[in-house]
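The structure appears below as structure tokens.
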Amino acid sequence: MIDYTEITKHLCKDNLCFDYLQPEASYKSGWNNYFLKGCKEMQVWYNESNNLLNVKGSLPYYWQKHNFSFDRKSLQESINDISSRLKVNLWEAELSKFEYGSIIEVQAKPEELIRHHIKIKGMETRSNNPDTKVFNGTIQSLKLYDAGRNIKNKLDKAIRSLLSNNYGYDQGKHYLKIENHYKKPYKALNSGIRILVNDLLIPEFNQKCKNDLLSQYRNIMKTESILIPKDKKSLSAGNIILLAFKETESLFNINAEERINSMLKAIPEEILNQNDKKARKRQIREMLKKISDPGESILAGNGYDLYAILEEKLMLEN
Amino acid sequence: MNAEFLKSNHLQFMYELKQGTKTSYYLTAGARGILPARIGVNRLPFAPIHQTGRGHLEKQTGQIKATFKKNDESIYKKHKPGWIHTSVYEIPDFPVFVGYGDIGISNEKGKTEGTGDLLILHSSDEWKTVSIHIFRGLLFQKDQVFPYLYKLLKQQSPA
């Protein structure tokens, strides 16, 4: 599903129509900023001296006031609408930036899931609050965020009930959005060849975006499926450290139990004798068993990897 | 069907809107003796979807009408009254084009008959100029022609 887009066009013979444009600001650089009348979601930038047009904003918010779902037909209608308002054929404009993602229904709290998505090799991880995480690269970035919270905070009641009636939204459920932000889409998706807006409607291109989203998601290093014990007694400070250590073992390609055992071995006999070491080993083994036993814990199931859910959702989207 | 084959069957014409009119266009570029120098192009932005003779649902987006002059010579001028009528239909994957159609010409009975030549109509400047692309005999291979022409447009347009 397409969301935010930035469209750039060199207006050769086109005469930009200002009838639907509301002036917002002018800059010394020659750029003039407008909004499409009545819609702050869609910004129009025009530079008369070099005859450049830039249209940016979220197409789903512009067209339907939400981004819970946005199908091909709506995409086509929204571009046609802006084209006819500006009297410019935007289908042949360049797609200079865009976001492609999907909202999936998840069982656990998005915040909890996001916490377990750690990093992508070669990308910087940013997280200003627990319900959002961005893996930032130079050509593209991948963002995970709590879409359910966005719906509750951003959308008015009328839109929320429309989502419930027409799109199967349930405010009691959890929703997570996974989206690719393409800063240089021509590099990320098209071997350096520029992408036109019309490409968004070509099935092969759409499939390419889906595959790239899945592959980027797969690249995220996720923590192990750690199950937090329910009883307070099992959650001593030492055990919490053990939990955190076990959780990150796959990220560093180590075996937590082996590392602990070799650490115990390294401790001199004068400090911990054989019996002390055996007792501690037993305690640690018991704890490790506890955090991998679904019957004794809060979280169960297939862990934090959402690949299968995302793949299934993308297959259903057109 | 390779790109060279498509290229050799591709004819391109540019028409410019006559000032003071809404539908009358004059030829400004392209080979002479194929299409009339003046054509009428109607835009049908809100035409209803209807069942066409091709047996599937298509949305009509435009219409081209023209008549050859008495002294004109053309491969499309075979019988009186010597007209060209083409209905233009939406191409769902390529809205960048106005649409496509089968070039219809007048037959011996004076009725319009399809030639099987594929016409693709395009305008990038809000109908001040229109370009007409003809692919001779390739109406039924249109699904291979559309991506070819789109690729060509991508290479040519400044964006």
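Structural remarks
- Listing of helices (runs of 4 or more DSSP H) fully contained in the stretch A:126-190 that carry 2 or more residues being at pLDDT below 95: A:147-154, A:157-167
- The set of residues in the stretch A:78-93 that are more than 10 Å from chain B (Cβ to nearest Cβ) and charged (D, E, K, R) comprises A:D81, A:R85.
- Any hit, the stretch A:103-115, residues being away from chain B (no Cβ under 14 Å), under 13 Å from the mean Cα position of the chain (by Cα) and within 16 Å of A:H181 (Cα to Cα): yes
- Candidates A:L214, A:L163: the one that is farther than 30 Å from B:F94 by Cβ, touching a helix residue (DSSP H, G or I) at 6+ places or on another chain (Cβ under 9 Å) and more than 14 Å from chain B (Cβ to nearest Cβ) is A:L163.
- For the stretch A:10-60, no strands (runs of 3 or more DSSP E) sit wholly inside it while including 2 or more residues that are acidic (D, E) and away from chain B (no Cβ under 14 Å).
- Of the listed requirements (1) in contact with a helix residue (DSSP H, G or I) (Cβ under 6 Å, 6 or more places away or on another chain); (2) surrounded by fewer than 19 Cβ atoms within 10 Å (Cβ to Cβ); (3) modelled with pLDDT of 95 or more, A:Q43 misses just one: (1).
- Failed condition for A:R126, given (1) within 14 Å of another protein chain (Cβ to nearest Cβ); (2) charged (D, E, K, R); (3) in contact with a Ser or Thr (Cβ under 9 Å, 6 or more places away or on another chain): (1)
Rundown of residues vs (1) touching a His at 6+ places or on another chain (Cβ under 8 Å); (2) within 14 Å of chain A (Cβ to nearest Cβ); (3) surrounded by fewer than 17 Cβ atoms within 10 Å (Cβ to Cβ); (4) under 15 Å from B:Q12 (Cβ atoms), yes/no style:
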residue: B:V96; (1), (2), (3), (4): yes, yes, no, no
residue: B:Y100; (1), (2), (3), (4): no, no, no, yes
residue: B:K111; (1), (2), (3), (4): no, no, yes, no
residue: B:W127; (1), (2), (3), (4): no, yes, no, no
residue: B:V130; (1), (2), (3), (4): yes, yes, no, yes
residue: B:L139; (1), (2), (3), (4): no, no, no, no
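- Of everything in the stretch B:113-125 that is within 14 Å of another protein chain (Cβ to nearest Cβ) and touching a helix residue (DSSP H, G or I) at 6+ places or on another chain (Cβ under 8 Å), the residue that is nearest to A:W91 (Cα to Cα) is B:S124.
- Among the residues making up the stretch A:244-265, those that are out of contact with any strand residue (DSSP E or B) (no Cβ under 7 Å at 6 or more places or on another chain) and either assigned to a loop (DSSP other than H, G, I, E, B) or of a type in the set (D, E) (or both) are A:E247, A:T248, A:E249, A:S250, A:F252, A:N253, A:I254, A:N255, A:E257, A:E258.
- Top-ranked residue in the stretch A:187-205 [being in contact with a strand residue (DSSP E or B) (Cβ under 9 Å, 6 or more places away or on another chain) and more than 7 Å from chain B (Cβ to nearest Cβ); ranked as surrounded by the most Cβ atoms within 10 Å (Cβ to Cβ)]: A:V197
- Listed by position, the strands (runs of 3 or more DSSP E) contained in the stretch B:66-159 that have at least 1 residues being more than 20 Å from B:T23 (Cα to Cα) are B:99-106, B:112-122, B:129-135.
- Residues that are under 30 Å from A:N180 (Cα atoms) and either in contact with an Asp or Glu (Cβ under 9 Å, 6 or more places away or on another chain) or among the small types (G, A, S) (or both), drawn from the stretch A:221-243: A:K222, A:T223, A:E224, A:S225, A:I226, A:L227
- Considering residues of the stretch A:206-239 that are among the aliphatic types (A, V, I, L, M) and modelled with pLDDT under 95 only, the residue surrounded by the most Cβ atoms within 10 Å (Cβ to Cβ): A:I220
- Residues in the stretch A:266-290 that are among the hydrophobic types (A, V, I, L, M, F, W, C) and in a helix (DSSP H, G or I): A:A266, A:A279, A:I284, A:M287, A:L288.
- Test for A:S127: is it surrounded by fewer than 19 Cβ atoms within 10 Å (Cβ to Cβ) and touching a Lys or Arg at 6+ places or on another chain (Cβ under 6 Å): yes
- Within the stretch A:166-186, the set of residues being within 14 Å of chain B (Cβ to nearest Cβ) and in contact with a Gly (Cβ under 8 Å, 6 or more places away or on another chain) comprises just one member, A:Y186.
The values are calculated or read from the model by the stated rules, or taken from the named source; none is laboratory data. In this text, all values refer to a predicted model and were calculated from it rather than measured experimentally. Every residue, glycine among them, receives a Cβ derived from its backbone with ideal geometry; neighbour counts consider all protein chains shown.
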